[in-house]
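What follows is calculated from the coordinates using simple rules that are stated; it is not laboratory data. Only a predicted model underlies this, so the values are computations on that prediction, with no experimental measurement involved. Every residue, glycine among them, receives a Cβ derived from its backbone with ideal geometry; neighbour counts consider all protein chains shown.
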Amino acid sequence: MRNPKSSFILPEELFTKENLYGINTYIPQIYRYQIFRGSAALQHRIGITSVQSIHLIGVYRWPGIHQNDLVEQLNLSKAMVSKTLSQLEELELIVRKMDPKDKRNYCLYLTQKGEDTAKESIRLQLEHAKRILQGVSEEDLEATSRCLRQMLTNLYNIKTEE
């Protein structure tokens, strides 16, 4: 099962019921390919990476969010979020303002340039998503979405035994 345009090799033995019908193969490959392609397009067209875009859109969705809350919302490490926010600050896309209710915390806000960039990033990602989903029926998309949500719920509910 090899796509001639792709360097990814998909051995048949991975596509068994025991291996979640190839989900362990498909999802990581779709994710990596999407990040690679999406990042290149974002960087070329609006000057930010896909990782920076995720953070920028987070601040766009939750204006005034605290950095620690953004860590939780994005499910990323504190170090990654801190580094990326510093990059966005240097690009003058976000500002940190002291929280008037708690002087130990800073609230994150977009600059006008940041808001424009976030909106353009969302537009580009939606445009890219439409291309990715070509040929996928609404019914298949809804079923896939339900399955992925259930798998994510199951992952959250797994208690580690270590």
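Scanning the range 93-136 for residues that are closer than 17 Å to Gln34 by Cα, loosely packed, with under 15 Cβ neighbours inside 10 Å and of a type in the set (S, T, N, Q) yields a single hit, Gln134. Look at the range 61-78: where a residue is farther than 19 Å from Lys97 by Cα and without any contact (Cβ under 8 Å) to a residue 60 or more places away in the chain and a partner is among the aromatic types (Phe, Trp, Tyr) and in a loop (DSSP other than H, G, I, E, B), sitting 6+ places away or on another chain with Cβ atoms under 7 Å, you get Gln73/Trp62. Take the conditions (1) touching a helix residue (DSSP H, G or I) at 6+ places or on another chain (Cβ under 9 Å); (2) farther than 30 Å from Glu90 by Cβ; (3) not in a helix (DSSP H, G or I); Tyr106 misses just one of them, which is (2). So, in the range 110-146, of the ones that are among the hydroxyl-bearing types (Ser, Thr, Tyr) and part of a helix (DSSP H, G or I), which residue ends up farthest from the chain's Cα centre (by Cα)? The extreme case among them is Thr144. Taking the criterion of being surrounded by 15 or more Cβ atoms within 10 Å (Cβ to Cβ) and acidic (Asp, Glu), the residues of the range 69-92 that qualify are Asp69, Glu89.
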